[in-house]
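The values are calculated or read from the model by the stated rules, or taken from the named source; none is laboratory data. The shown structure was predicted, so the numbers you read here are calculated from the model rather than taken from an experiment. Positions of Cβ are generated from backbone atoms using ideal geometry, with glycine treated the same way; all protein chains shown enter the neighbour counts.
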Amino acid sequence: MNKFVVLCFMAGMISCQPGKEKLTYPMTSKVDTLDHYFGTQVPDPYRWLEDDNSDSTKAWVMAQNAVTNAYLAKISYRDAINKRLTKLWDYPKVSAPFHEGGHYFIYRNNGLQNQSVAFMMDSISGAETMVLDPNKLSEDGTVSLSNFSPSIDGKYLAYGISKGGSDWNEFFVKSLETGELLADHINWVKFSGISWFKDGFFYSRYPEPKEKDVLKGVNENSKVYFHKIGTTQAEDQLVYEDLQHPNWGFSAGVTEDSKLMIISVSESTSGNAFYVKDLEKNGKVIKVVENFDNDFQVIDHLDGKLWVLTNHQAPKYKVIEIDLNDIAREKWVDFIPEKEGVLTGVSIMGEKVLATYLKDAHSLVEVNDLKGKYLYDLELPVLGSVSGFNGKKEDAVAFYSLTSFTTPATVYKYDIKNNTSELYQKADVDFDPDLYETKQVFYASKDGTKIPMFIVHKKGLIMNGKNPVLLYGYGGFNISLTPSFSVGRLIWLEQGGIYAMMNLRGGGEYGEEWHKAGTLMQKQNVFDDCIAAAEYLINENYTSKGKIALLGGSNGGLLVGAVVNQRPELFGAAIPAVGVMDMLRYHKFTIGRYWATDYGTSEDSEEMFKYLYAYSPVHSIRENTEYPAVMVTTADHDDRVVPAHSFKYIATLQSKYRGSNPVIIRIDAKAGHGAGKPTTKMIEELTDTYAFMFYNLGVTPKFENK
């Protein structure tokens, strides 16, 4: 029994927590590195932490994790949180079925499986046959399924796997008739789909990187290939490349009728060009759109015309019709015009066009005929987020999944002709949603803009200014935050916590104008929106200063880092997860340059450099400032936002902060940016996250009868 436990026992305490004394952090050596930007010298003393392969970095990671693990281990209710999370998580989960190659496919998880398992049915009411179990691909569940594409004739399955959460994928092929794994094996695939055509499929990949650059090197020279079943990767046919533009990325898709190949071209996360190739005539590549000013997603091809979802002259998106015999822009025709809501997805099934919209960040579905005429709405059982509607034009039945903050994903079977839905599968969770309420408020940001925010809590909760709040946001890359279910969040709500989700500018909740209002030289709007949300919750007596935990990941990690630097007194805890923290160098790693349309780069202009330098989390940490408790989270295989961002941020914070709140980092092993993370690792990370937040907001959770 260690000294800490003995003292707790002698004092007769029910719970005993780690003290508030200042932690002793590992020494992080500094190097004399100076960068020069438009006459300004910027030191980068922790540049050496960018080398993820060095022994020094590995030793530093071990030392930091030792401090963090020791701190978390002393939180007395950490194990109880883990047990409750595990029990909540342990319920069967199922995806919406989809139809391909004469079969239906569905993903199932029995509750605590690390990865969901793929099953196949010959009919929607037929017996299920297990097709692929990713749990058998590794002992610890860190190999995940990243791609799943049955062939059009139903004979084969091409699938992709990711190891340790990396964006790098490997592709394999197996027979759906015999279950045999074929010899086909493709490496160095990233950000690619699988598009079947005749006896093979199109995909895109990058050149093999040097060993030391696998997880951090810049990815260039994307190329489209065709792989014929039964051949080696070396025999794959090069279909398209552009050596004049090594920074461009290419992805290939095939229309449902197998007549056209669509090549989408991108140089950032916003805007794409697209080209078309006639596969029947093996024709030349036709460049329909050659610039990156707008987004274009080809939905389908019918009688020589393309239906395309776009924000061209429509910030909230519309569907246009392009005649391939005359692709001039002035000849483009609106098929489904822009409306009040943001059009987020379109499916053509059962002789109908199903259009999914966002209105104030929740889903609506409209049904149109094949001429684009509105017919009626699909009535949704609850206010929430819709996904699914995957199928073929001739399908009479569609499946969709509906979720909300307090309702796990529920699958419905939709009769397209009769416009009726029936329950297909409902999740059974150890949680009563009727005990909680969700509301949406609109608060004023610094410049007066009204920002929506969802607030979830127990019914009857007294707003006395003392409630702990978990505040979550993202605010970037045209990504919309909509109501969704999280098992981890239930822990917070059960203990009387309030969950608040902000729909910040920079997201896509109100279309492209909303997105652009939080980018480049307007990025501060996003931080102001977040600060205003915290102030609203305080002013409306939901909570008080120091009782708010701020959480965000990736671009949301940047949000947390920047906001905590600007207004640290508002928060009691902050969790910047896998964040973009070095705004001067983010574009120099892997695919980071793609983010420049949202951020700009330090090399664009002196004005852009100064703007980035002013809010960059690594560079704007202040001395002689009382920071909240901070726990940074990242992972060793994150090749989307390389962990050096988090390493340099926490090293700087530990160096400059003199207070007693913990400022620590949790570095996961064999994990990446988040996708494909096994259940065991997700529960472990959430356990530590909630233990850290509860303790540092002064909440002692109780788990009686749980």
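Summary of computed values
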item: Top-ranked residue in the range 209-225 [being charged (D, E, K, R) and modelled with pLDDT under 95; ranked as farthest from Ala671 (Cα to Cα)]; result: Lys210
item: Residue that is within 30 Å of Gly39 (Cα to Cα) and either without any contact (Cβ under 8 Å) to a residue 24 or more places away in the chain or not in a loop (DSSP other than H, G, I, E, B) (or both), where the choices are Ser655, Ser602; result: Ser655
item: Arg84 being under 24 Å from Tyr690 (Cβ atoms), touching a Leu at 6+ places or on another chain (Cβ under 8 Å), buried (at least 17 other Cβ atoms within 10 Å of the Cβ) and modelled with pLDDT of 95 or more; result: no
item: Every residue from the range 162-195 that is small (Gly, Ala, Ser) and surrounded by fewer than 19 Cβ atoms within 10 Å (Cβ to Cβ); result: Ser175, Gly179, Ala183, Gly193
item: First in the range 391-411 and of a type in the set (Lys, Arg), second anywhere and outside any loop (DSSP other than H, G, I, E, B), Cβ under 7 Å, 6 or more apart; result: Lys392/His99; Lys392/Met349; Lys393/Ile348; Lys393/Met349
item: Conditions (1) touching an Asp or Glu at 6+ places or on another chain (Cβ under 9 Å); (2) outside the structural domain of Ser149 (by TED's automatic domain parsing); (3) closer than 24 Å to Leu132 by Cβ: number failed by Trp196; result: (2)
item: Close pairs from the range 454-469: first touching a residue at least 60 places away in the same chain (Cβ under 8 Å) and surrounded by 13 or more Cβ atoms within 10 Å (Cβ to Cβ), partner β-branched (Val, Ile, Thr) and in a strand (DSSP E or B), Cβ under 6 Å, at least 6 apart; result: Asn467/Ile498; Val469/Ile498; Val469/Ile548
item: Scan of the range 473-503 for residues that are under 21 Å from the mean Cα position of the chain (by Cα), buried (at least 22 other Cβ atoms within 10 Å of the Cβ) and among the small types (Gly, Ala, Ser), ordered by number; result: Gly473, Gly475, Gly476, Ala500
item: Qualifying residue in the range 618-628 (condition: more than 21 Å from the chain's Cα centre (by Cα), within 17 Å of Phe527 (Cβ to Cβ), of a type in the set (Gly, Ala, Ser) and modelled with pLDDT of 95 or more); result: yes
item: Residues of the range 622-643 that turn out to be touching a Phe, Trp or Tyr at 6+ places or on another chain (Cβ under 6 Å) and assigned to a strand (DSSP E or B), as a count; result: 1
item: Residue in the range 211-223 that is surrounded by 15 or more Cβ atoms within 10 Å (Cβ to Cβ), over 29 Å from the mean Cα position of the chain (by Cα), in a loop (DSSP other than H, G, I, E, B) and not acidic (Asp, Glu) present; result: no
item: Test: residue in the range 226-234 that is modelled with pLDDT of 95 or more, under 19 Å from Phe296 (Cβ atoms) and more than 31 Å from the chain's Cα centre (by Cα); result: no
item: Test: residue in the range 666-677 that is assigned by TED's automatic domain parsing to the domain that holds Gly557, touching a Leu at 6+ places or on another chain (Cβ under 9 Å) and assigned to a helix (DSSP H, G or I); result: no
item: First in the range 305-325 and over 19 Å from Leu370 (Cβ atoms), second anywhere and of a type in the set (Gly, Ala, Ser) and not in a strand (DSSP E or B), Cβ under 6 Å, 6 or more apart; result: Pro315/Gly511; Lys316/Gly511
